[in-house]
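Report on the following structure.
The values are calculated or read from the model by the stated rules, or taken from the named source; none is laboratory data. Everything numeric here is computed off the predicted structure, so don't read it as measured data. Cβ sites come from the backbone with ideal geometry, for glycine too, and all protein chains shown count toward neighbours. Keep in mind that these areas ignore ligands, DNA and RNA; they rest on the heavy atoms of the full protein, side chains included. Shrake-Rupley method; radii C 1.70, N 1.55, O 1.52, S 1.80 Å.
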Amino acid sequence: MKLVNVVFEDQLVLGKVKPRGLRFLLPPSWRRSQAPIRSTIKRLLMEELEQGLLMQPWAWLQLSENSLLAKAFITKEGYALLISDLQQVWHEQVDALVVSQRAKELNKRLTAPPSAFLHHLEELLLPLFKDSAQQDAAHPSKAAFSCDRVAETLILRVRSELSGLPFNWHFHCAAASSAQVSQHLIRPLMGVSLALQCHGRELAALLRMKDLEIQGYQESGAVLSRSRLKTEPFEEHSFLEQFMVEKLPEACTVGDGRAFALSLQNLYVAVTKQQIQAGQKRQGSGETQTSGSPTSQGTDSQLLKQPEQPVSSTPALSEPEPEPLGASGPVQRPQLAKAKRKKLRGLFS
């Protein structure tokens, strides 16, 4: 790994590009020539925060004024926070220097390095996010949260104690960009929807297999001993029609977002991780990224390319479908090529 000179917390440091492990001091006379290096390291730190935030699940927060959906990622070098009230989305991402300056303004009696303030914020926020399903009187938070809006900014205020002294913090969240909304909400939720659709198809195929198995038992003379357990053969078209009429109105009720935060976060995190890994594989293979290329479409494009299965009421097995979250195309091409060569040798031998 290439050695670089880094300025961090007003000290010039020599070390490898490891945002969390910068070490050796150099003379202050070296500072003036290090501006490009400093900007590069700051960019790397911001990229680490962006990717870390993307892989975090959404949590439901109940405040005295209203409820919010939020996600956060905190390191020793800074934090990233995303908040939504299901009408708008706000975002803040800062480094240790901003944390130090804001801490001095809000907590004049406290003196500590930025990493200490960041660690305290992590202790306050992350347990609250993890236990968002149990936010009640029996599980009181160590901090008091409130929020208000000033123009286009959402200010989330935190009151707590640090080393026996009052600790205050204000998250100044500006309106998120359309790219951030797409990255954290639109694209992952599209992936979640497509994954659930594929999951439903697999379950329908399994039911058809079970119907065939039961039919085989019946043809061999087996009789059901308990008639109340008898079921009709699964008909996908009828099931979907009944679901649309009876279950859909209740199933698609968003409410305050709590059901989404409590039920789908494992799948949400799995989808975002898969999208990140797919992007890294494409970058590693040297593919060029364009605005309309598969690189910008991520894993969702692989899911969207799957042909819709025709609805059939007969208990027949469909062709196996490709996994929506599986390996990319280039990994499968050698297998396809081998299959064709075997076929040709079978035809002309």
Q. Which pairs break 26 Å Cα to Cα here: Lys71/Lys108; Lys71/Lys142; Lys210/Lys273; Lys130/Lys247?
A. Lys71/Lys108; Lys210/Lys273; Lys130/Lys247
(Q) For Phe171, Phe260, give me the order by solvent-accessible area with a 1.4 Å probe, most accessible first, ignoring ligands, DNA and RNA. (A) Phe260, Phe171
(Q) Show me the trypsin sites (Lys or Arg not before Pro) within segment 245-287 that DSSP assigns to loop and that have at most 12 other Cβ atoms within 10 Å of their Cβ. (A) Lys247
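Calculate, for Gln283 and Ile186, the FRET efficiency according to 1/(1 + (r/R0)^6) with r their C-beta to C-beta distance and R0 22 Å; round to the nearest 0.05.
The pair Gln283/Ile186 has a calculated efficiency of 0.50.
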Q.
How much accessible area per residue does segment 181-280 have, counting only protein heavy atoms and a probe of 1.4 Å, in square angstrom?
A. 68
Q. When the accessible area of segment 42-122 is computed with all protein chains present and a 1.4 Å probe, what percentage of it is carbon and sulfur?
A. 51
Q: Order the peptides 152-160, 210-218 from the highest to the lowest mean number of other Cβ atoms within 10 Å of their residues.
A: 152-160, 210-218
Q.
Per residue of segment 44-58, what does 6.51 cos²θ - 1.76 cosθ + 1.60 with θ = phi - 60° give for ³J(HN,Hα)? Whole Hz please, x for Gly and Pro, Karplus curve as stated.
A. 5, 5, 5, 5, 4, 5, 4, 5, x, 5, 4, 8, 8, x, 7
Q. Which far-off residues, 5 or more places away or on another chain, put their amide H under 5 Å from the one on Phe167, with H placed in the peptide plane?
A. Ser160, Glu161, Leu162
Q) Using r as the Cβ-Cβ distance of His199 and Ser177, and R0 as 22 Å, what FRET efficiency do you calculate, to the nearest 0.05? A) 0.10
Q.
Given R₀ = 22 Å, what would the calculated FRET efficiency be for Glu250 paired with Leu212, taking r from the Cβ atoms and rounding to 0.05?
A. 0.10
Q) For Phe167, Phe243, what's the largest-to-smallest order of accessible area, 1.4 Å probe? A) Phe243, Phe167
